[in-house]
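Presented below is the structure to which this report refers.
The values are calculated or read from the model by the stated rules, or taken from the named source; none is laboratory data. Owing to the predicted nature of the structure, the values given are computational and were not obtained by experimental measurement. Here the Cβ positions follow ideal geometry from the backbone for every residue, glycine too, while neighbour counts run over all protein chains shown. SASA here: full protein model, heavy atoms, side chains in, ligands and nucleic acids out. Shrake-Rupley method; radii C 1.70, N 1.55, O 1.52, S 1.80 Å.
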Amino acid sequence: MTAKIEKLENGKLVLKPDVDISRFLAQKRPRRVEVRLDDGRTISADQRRKIFAIIRDISLWSGQEPEELRLYLEWDFCSRCLREWFSLSNCDMTTAREFITYLIQFCFHWGVPTKDSLLTQTDDIGKYLYLCLENRRCAICNQPAEVHHVDRVGMGRDREAIVHVGLNAIALCRRHHEEAHRREKALFADYHIYGIKLDRHLCKVLSLNQKPKGEVERGE
């Protein structure tokens, strides 16, 4: 769904939907919405190159024809994200960026082998690093990964007791994990990566403690 921005006043954004959504609001009674702002810029040549490179890799893995596969992936993306149909010839940059993130998630979820690391294909490094942690894939080479804590949890601190929510971490394979312990700052600079804050969802999927030890033991 799209909408026109009517005004912004005292921190409140007033939107006018392009279609009548009164029936949906009455039935579903949503309390929050997700807003994506279109700055008017259209998809770049680099974004288009990244999209077709990833689709090529998925095509080689699946055996499906690239054009047929592209149409399916666009349809699945729109269905999952509740978005209107778009064209890769003139869609906005935000849609292109989110479609690239969707394709990366698809590759991680299904274990699609790619010619190059998806680090070189991402258009949103923050979301990419999040997906790497969520799927336990190395942020550098996409091999199976371990959690590297950028905020150190060693030095006498109990890894089982410490609350990991809010700590900065990154997913790295064993080789890059060991390298990070030797030269973290230089390694991160080489690949333009960084640690991101662990939220409760990441802690859950990574089996990291979310609550103080006493609360866990009481089942709270």
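Annotations
- Taking first residues from the stretch 170-198 that are over 13 Å from GLN143 (Cα atoms) and partners that are part of a helix (DSSP H, G or I) and acidic (Asp, Glu), the Cβ contacts under 6 Å between residues at least 6 apart in sequence or on separate chains come to LEU187/GLU179.
- Note on the stretch 116-134: residues that are open to solvent by less than 40 Å² (accessible area, probe 1.4 Å), assigned to a helix (DSSP H, G or I) and out of contact with any strand residue (DSSP E or B) (no Cβ under 7 Å at 6 or more places or on another chain) total 4.
- Remark: pairs (first residue in the stretch 72-86, within 15 Å of THR101 (Cα to Cα); second residue modelled with pLDDT of 95 or more; Cβ separation under 6 Å; 6+ apart in sequence or on different chains) = PHE77/PHE99; PHE77/TYR102.
- Any hit, the stretch 59-72, residues being closer than 30 Å to LEU198 by Cα, open to solvent by less than 70 Å² (accessible area, probe 1.4 Å) and in contact with a Leu (Cβ under 8 Å, 6 or more places away or on another chain): no
- Evaluated against (1) crowded, with 16+ Cβ neighbours inside 10 Å; (2) at pLDDT 95 or above; (3) farther than 26 Å from THR122 by Cα, ASN142 falls short on exactly one condition, (3).
- Only one of the listed residues (ASP116, ASP92) is more than 27 Å from GLY63 (Cα to Cα), more than 12 Å from the chain's Cα centre (by Cα) and charged (D, E, K, R). That residue is ASP92.
- The set of residues in the stretch 20-56 being surrounded by 10 or more Cβ atoms within 10 Å (Cβ to Cβ) and either among the hydroxyl-bearing types (Ser, Thr, Tyr) or at pLDDT below 80 (or both) consists of ILE21, PHE24, LEU25, ARG36, ASP38, THR42, SER44.
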